[in-house]
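Q: Could you have a look at this structure, given as structure tokens, before my questions?
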Amino acid sequence: MRFVARRLGFFLLTLWAAVTLNFLIPRLMPGNAALAMMSRYKGRVNPQAIHALEIAFGIHTHQSLVGAYFTYLGDIARGHFGISLTFFPDAVSHQVLQALPWTLALVGTTTILAFVLGTFIGLISAWRRGGMLDGALPPIFVITSAFPYFWLALLAIWLFAIKLGWFPESGGYDVTTTVGWSWAFVEDAIRHSILPAATILITSIGGWILTMRNNAISVLAEDYVRMARAKGLKPWRIMWTYAGRNAILPNLTGFAMSLGFVVSGAILVEFVFNYPGVGWMFLQSVENQDYALMQALFLMITVAVLLAILAADGATAVLDPRTRDGA
Amino acid sequence: MTFQPVPATTEPTTTVPSSATGPPIPESRRGFGTDLWRAVARNRKAVVGVLLLLFFLVLSVFPGEIAPYSPTAEVFQPGLGPSWQHWFGTTAYGQDVLSQLIWGTRQSVVIAFAVGGLATALAVIVGVSAAYLGGISDGFLSLITDVILVIPIFPLIIVIAAYERNAGLFTLVIVLGALGWSYGARQLRAQTLSLRRRDFLEAARVRGERKSYVILHEILPTMTSLIVASFLGAALYAVLFAAGLQFIGLGDPNSQSWGTMLYWAENNEALGANMVLWAITPGVCVALLGAAFALLNYAFDEISNPALRLRKLDITGTRERPKDATITAPTTSDRILEVRGLSVAYASDEGPVVAVDNVDFDLHRGEFLGIVGESGCGKSTLMYAIARLLGPPFSGEITDGEVIFRGRDMVKLGDRQLRHIRWREFSVVMQSAMNALNPVLTIEAQMRDACKAHSKMSDKEIEKRSIEVLKLVSIDPIHLLSYPHQLSGGMRQRAMIAMALLFTPDLVIMDEPTSALDVVAQRSLMMQIKELQERLGFAVIFVTHDMSLVSHFSDRLLVMYAAQVAEFGNTRQLFDNPRHPYTRALLDAFPSIHGPRVRLTGIPGSPPDLARPPQGCRFAARCPHATPRSIAVEPPLFDVEGDLVRCFLYEESAAEENVRAGATEGVA
């Protein structure tokens with residue numbers, strides 16, 4: 001219980017930090033970017049849009065900085081992120097909700113898949129130490145983990161879309177199909193997602209394989225693994241319940257820590273593929289100087305990462321009784 | 001050799017699990033500093049990483065001399081394909097791609113080193129001070145570290161860049177550095193915390209050194225590898241993030257960099273317009289520079305963590321020994337275990353280390369045999385070899401000899417056959433139950449594992465049997481549902497013994513089962529083991545460093561020194577009349593409850609390096625009775641009134657035909 005309370009407290013704090021950064025960054029930039037932006041837009045866009053910017057920046061001309069900060073916090077708490085300039089006059093929150101399912105499906109699925117596969121391969125590699133798999137994997141994946149995501153995405157487009165024509169070049173679906181839960185649409189969406197998914201998978205799986213392999217190697221040296229062998233347990237039982245289950249614990253912490261890295265890569269992959277998800281929209285908002293949308297998306301990404309870490313924490317608590325006892 | 005009085009049999013009280021699983025490596029050989037370069041040169045990944053890095057460093061320093069053209073000023077025909085004049089073709093603006101690549105190197109290299117340096121400096125400052133200051137400062141700094149670690153940095157940088165468009169090199173370095181230190185700080189903090197309670201820091205504190213002095217002179221040097229890892233990690237992240245930012249147009253579009261090249265290539269749809277190399281090669285450069293850092297980082301991990309390095313055991317170089325006359329008589333019903341000429345070697349960087357060298361002994365039904373010796377003498381390895389617990393994925397291999405257990409040579413048994421007799425016929429109790437019990441399973445689950453592996457017992461029967469054995473060692477059956485960490489040290493140890501008795505085996509091999517306990521708990525556990533042994537009739541091999549502990553319990557004692565049997569005989573006889581100078585020294589190092597008060601003496605010197613064992617008697621360097629002969633020639637085991645002693649002092653008293661050639665005279 002104390003564990004849960006402590007973690008939740010930490011997440012609220014992190015969320016608060018992200019919100020505060022959102023509020024402070026435009027003010028701290030040289031020349032107070034927020035005010036400069038406001039005066040630039042005055043008279044050019046309608047009052048509604050100005051109000052949207054006021055919410056995004058927390059600028060209320062009649063308020064002190066502290067007062068503005070609390071008004072801003074209040075707006076965020078009620079889900080008022082202002083109005084998008086790019087998709088005027090649509091509310092930012094509505095836009096975000098449209099992009100979210102695409103990213104969850106693409107990045108969420110591939111990240112989980114990469115983690116599960118990578119953990120599995122890493123464990124096998126450590127178990128068969130010095131075997132073929134173990135000899136080939138580390139050098140290969142050390143190098144692929146250094147690949148820029150967006151470059152691999154470009155390469156994939158060039159080879160599989162332009163040269164071979166196996167997959168569509170960009171987008172999340174064919175514009176001629178109607179969006180909805182029809183088989184044709186789902187099939188089309190899957191076809192569009194294969195290249196970006198493969199790109200994310202290839203670049204992110206290496207990290208999981210290597211950390212799991214190294215964890216498993218240390219765990220295999222533990223007495224309880226030797227003890228399991230002394231007990232005459234079957235090898236697969238030793239590998240999973242004794243070595244695997246213990247080696248995955250630090251990997252789950254690692255999952256939390258490298259998630260930010262994966263998300264960064266995913267943003268660029270969505271950008272390169274023009275994939276209609278949160279990352280693509282985020283970069284669009286930057287491009288169009290749609291600050292209300294940009295800030296909302298940044299918070300959104302932070303929340304998503306926090307939720308994923310929370311899930312990893314939950315898995316740790318399930319797998320490790322010591323965490324449950326707060327030891 | 002330095003003659004420090006070393007209390008012979010006091011092992012470090014903190015149990016280092018690796019000490020039992022790996023070859024003993026003298027402290028001096030673990031040194032980092034100068035050995036570092038040799039280790040780097042030996043590691044293939046490190047060599048490739050260094051070469052790649054050097055390549056880019058040269059490009060970044062001399063782009064003007066190396067690049068064939070100016071990156072921007074000289075304009076050729078746009079969109080040229082690869083040719084001898086333009087290896088990688090030209091851009092849509094008619095500039096030479098290769099020259100742009102070469103000029104672009106500088107920025108990536110500068111960013112990598114500047115951000116790596118800045119982030120590492122911040123990581124060291126925050127991480128080390130958090131751990132060293134402790135208390136509220138630690139809480140505060142750790143919290144900041146964790147928050148920064150969790151906030152997705154790249155989106156945050158994009159948000160910052162959105163307000164500060166066309167960020168120059170300086171801004172980029174500051175922002176990346178200011179946000180990229182948290183991972184390193186976290187690791188450095190953990191490392192510092194683990195160092196805090198070490199003796200050398202306590203000593204510095206007692207000397208009254210200032211905190212800043214302690215941090216700079218005592219803590220930082222021990223963390224070289226972590227600091228290097230932190231630098232390499234930050235450099236890798238900086239190269240990738242900077243390229244990403246420039247690629248999406250958030251850098252200075254006029255700068256010479258790989259990311260900017262990709263930005264322009266993407267804007268001109270270079271891939272579709274057949275200027276593929278323009279769009280691909282900058283990415284290759286980013287990937288290669290990134291790979292250099294990643295490879296170095298990984299290699300460093302391997303170098304600083306020896307467990308990650310795989311060493312192949314090559315025993316072709318070890319000396320050949322003539323086979324001893326093995327006892328060919330069929331195993332009598334009384335003798336359940338015979339160990340003949342057993343040798344075990346570990347692979348190490350210096351070649352094979354023979355940790356058990358040609359050991360012979362036998363064990364009778366229901367007998368209690370003590371195996372004693374200093375840490376690193378090979379006693380635990382001997383125990384693992386007998387129980388066939390060596391070999392992949394564990395280090396160490398049996399290189400020679402037989403272990404005949406109830407008529408079967410265990411060395412020759414396959415995994416499946418071994419599995420069949422494990423735990424039913426012989427079981428193992430390890431040194432520290434804290435390490436030997438699976439931390440994530442309940443006691444019941446761990447007992448059920450063993451039962452399911454060897455019997456068709458139903459869950460009900462398993463539970464009944466588990467309760468029975470727990471009661472045998474006086475543990476409340478309620479603890480079946482406990483996890484190891486919820487039990488006290490003594491209880492854990494007893495639970496492990498209970499587990500070993502599930503099938504009432506004929507032999508229980510115990511590796512220092514009491515060394516983690518205090519003296520009172522030790523005593524009561526020993527009594528309990530002895531009582532159970534007499535009641536259930538199993539034989540015990542009891543490995544310990546504490547000779548006095550087994551004196552009242554064991555029937556016979558085997559004294560090991562530097563991988564060999566030094567003396568083997570009846571316990572009473574050995575205590576009353578120790579023959580080998582080493583046994584005598586061991587006994588002198590222990591207080592006796594009875595008898596006059598005498599000054600305890602340690603044994604001067606330290607055991608020999610098993611990677612390079614001495615030519616003669618292994619104890620000669622520390623022996624008060626050493627002779628030129630014992631320094632030159634290894635003594636065999638002499639049979640003196642039924643007591644086997646490896647010492648030339650007893651050559652005379654041993655009848656010639658009684659010489660049991662436990663070792664050979666000839667030295668290869």
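A short reminder: the numbers here are calculations on the coordinates, not readings from a lab. If you're wondering where the values come from, they're calculated on a predicted model, not measured in any experiment. Counting neighbours? That spans all protein chains shown, and the Cβs are built from the backbone with ideal geometry, glycine included.
Q: Step through the residues of the range B:612-629 one at a time and calculate ³J(HN,Hα) from phi using the Karplus curve (6.51 cos²θ - 1.76 cosθ + 1.60, θ = phi - 60°), rounding each to whole Hz and writing x for Gly and Pro.
A: 9, x, x, 5, x, 5, 6, 8, 3, 5, 10, 9, x, 9, 4, 10, x, 5
Q: Hey, rough spin-label estimate for residue A:113 and residue B:626, points 7 angstrom out along Cα→Cβ, what's it come to in nanometres?
A: Distance between the two pseudo-spin positions: 6.7 nm.
Q: Continuing with the same structure: With everything on Cα atoms, drop me the angle between helix A:2-28 and the longest principal axis of chain A, reported from 0 to 90° to the nearest 10.
A: Between the helix axis and the principal axis of chain A, the angle is about 40 degrees.
Q: Counting Lys and Arg as +1 and Asp and Glu as -1, what is the net charge of the other residues whose Cβ lies under 15 Å from the Cβ of residue A:174?
A: Overall, the nearby charge balance is -2.
Q: Given the Cα-Cα distance of residue A:288 and residue A:64 and 0.36 nm per residue of separation, how much length would full extension add, in nm?
A: Result for the pair: 77.7 nm of gain on full extension.
Q: So for the protein assembly as shown, what percent of the C-alpha to C-alpha distances run longer than 47 Å?
A: Every Cα pair in the protein assembly as shown considered, those over 47 Å come to 40 percent.
Q: Let me ask something additional. Which whole-number percent is the relative contact order of chain B (Cα, under 8 Å, 6+ apart)?
A: Here the relative contact order equals 14 percent.
Q: Pairs B:379/B:530; A:231/B:471; B:45/B:211; A:234/B:45; A:231/B:460: which exceed 32 Å Cα-Cα?
A: In this structure, B:45/B:211; A:234/B:45 exceed 32 Å between Cα atoms.
Q: If you stretched the chain out fully between residue B:125 and residue B:220, how much longer would it get, using 0.36 nm times the residue separation minus the C-alpha to C-alpha distance?
A: 33.1 nm
Q: May I pose another question? If R₀ is 35 angstrom, what is the calculated FRET efficiency for the pair residue A:201 and residue B:178, using the beta carbon separation as r and rounding to 0.05?
A: About 0.65, to the nearest 0.05.
Q: Multiply the residue separation of residue B:652 and residue B:408 by 0.36 nm, subtract the distance between their alpha-carbon atoms, and state the gained length in nm to one decimal.
A: Gain on extension, residue B:652 to residue B:408, equals 84.1 nm.
Q: Now for a different question. Determine the sum of side-chain charges near residue B:561: Lys and Arg each +1, Asp and Glu each -1, restricted to other residues whose C-beta is under 9 angstrom from that of residue B:561.
A: 0
Q: Springs between alpha-carbon pairs under 10 angstrom, Gaussian network model over chain A: which of A:195, A:164, A:297 fluctuates most?
A: Among A:195, A:164, A:297, the largest mean-square fluctuation in the Gaussian network model of chain A belongs to A:164.
Q: Still on this model: Under a 5 Å amide H to amide H cut-off, with H placed in plane at 1.01 Å, what residues pair with residue B:356 once short-range neighbours are removed?
A: Those qualifying (amide H under 5 Å, at least 5 residues apart or on another chain) are B:344.
Q: Further, regarding this structure: Along Cα→Cβ, 7 Å out, is where each label goes; now give me the distance between the ones at residue B:170 and residue B:524 in nm to one decimal.
A: Label at residue B:170, label at residue B:524, 7.2 nm between them.
Q: Measure nothing fancy, just the Cα-based angle from helix A:132-144's long axis to the longest principal axis of chain A, in degrees from 0 to 90, nearest 10.
A: Taking Cα atoms only, the helix is inclined about 20 degrees.
Q: Next up: Under the definition of Cα pairs under 8 Å and six or more residues apart, what whole-number percent is the relative contact order of the range A:101-325?
A: 27 percent
Q: Could I ask something else about it? For the charge dipole of the protein assembly as shown, defined by +1 on Lys and Arg C-beta atoms and -1 on Asp and Glu C-beta atoms about the Cα centroid, which residue among B:51, B:477, B:174 has the Cα displaced farthest towards the positive pole?
A: B:477
Q: Using a 7 Å offset from the Cα along the Cα-to-Cβ direction at both residue B:269 and residue A:274, what is the distance between the two label points in nm, to one decimal?
A: Spacing of the two 7 Å Cα→Cβ label points: 0.9 nm.
Q: Another question, then. Considering only DSSP beta bridges whose two residues both sit in the protein assembly as shown, what percent are antiparallel, to the nearest 5?
A: 60 percent
Q: Which far-off residues, 5 or more places away or on another chain, put their amide H under 5 Å from the one on residue B:640, with H placed in the peptide plane?
A: For residue B:640, whose amide H was placed from the backbone, the distant partners under 5 Å are B:645.
Q: Here's another thing I want to ask about it. Would you mind checking which residues have amide H under 5 Å from residue B:362's amide H? H placed 1.01 Å from N; only 5 or more apart, or other chain.
A: B:339
Q: Can you tell me the 0 to 90 degree angle between the C-alpha axis of helix A:278-287 and the longest principal axis of chain A, rounded to 10?
A: 40 degrees
Q: Among the helices of chain B (complete DSSP H runs), which have Cα atoms covering no less than 24 Å along the helix axis and a Kyte-Doolittle mean of at least -1.0?
A: Qualifying helices: B:44-61, B:97-133, B:224-247, B:276-304, B:519-536.
Q: Still on this model: Tell me, what is the percent relative contact order of the range B:49-171, built from C-alpha pairs under 8 Å that lie six or more residues apart?
A: That works out to 18 percent.
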